[in-house]
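**Student:** First the structure, then my questions, so here it is.
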Amino acid sequence: MKHFGQIIAVACVYVGTVVGAGYATGQEIYWFFARYSWAGMLGGCLSGALFATLGARVLHQMCS
C-alpha cells in the first residue's frame, strides 16, 4: 500500500498517453469503427480490450 501513489501516477500517465495522445478521441474512435457497422464495433471493443490487457501486463512487469 506504500506504493499506491506511484501506481496511480503510472496508470494516469499510461491512460493519458494511450487514450489522450496516442490513440484518438472518443468521437474519432466511434466514427472510425462505426463505418464498418457491427464488425467495426467488435474491432473497437477488441482493440480496447487489447490495450487494457497488454497495458496492464506491461505495467505489472515494470512495477514488480
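The values are calculated or read from the model by the stated rules, or taken from the named source; none is laboratory data. Computed from a prediction, not measured in an experiment: that's the story for all the values here. Heavy atoms of the whole protein, side chains included, go into the accessibility calculation; ligands, DNA and RNA do not. Shrake-Rupley method; radii C 1.70, N 1.55, O 1.52, S 1.80 Å.
**Student:** Could you tell me the accessible area of Val15 in Å² (1.4 Å probe, neighbours in place), rounded to the nearest ten?
**Tutor:** We get 80 Å² for Val15.
**Student:** If you rank Tyr30, Tyr14 by how much accessible surface each has, with a 1.4 Å probe, what is the order from largest down? Walk me through the numbers before you get to the answer.
**Tutor:** Details: Tyr30 115, Tyr14 65 Å².
Reading off the accessible areas and sorting them downward yields Tyr30, Tyr14.
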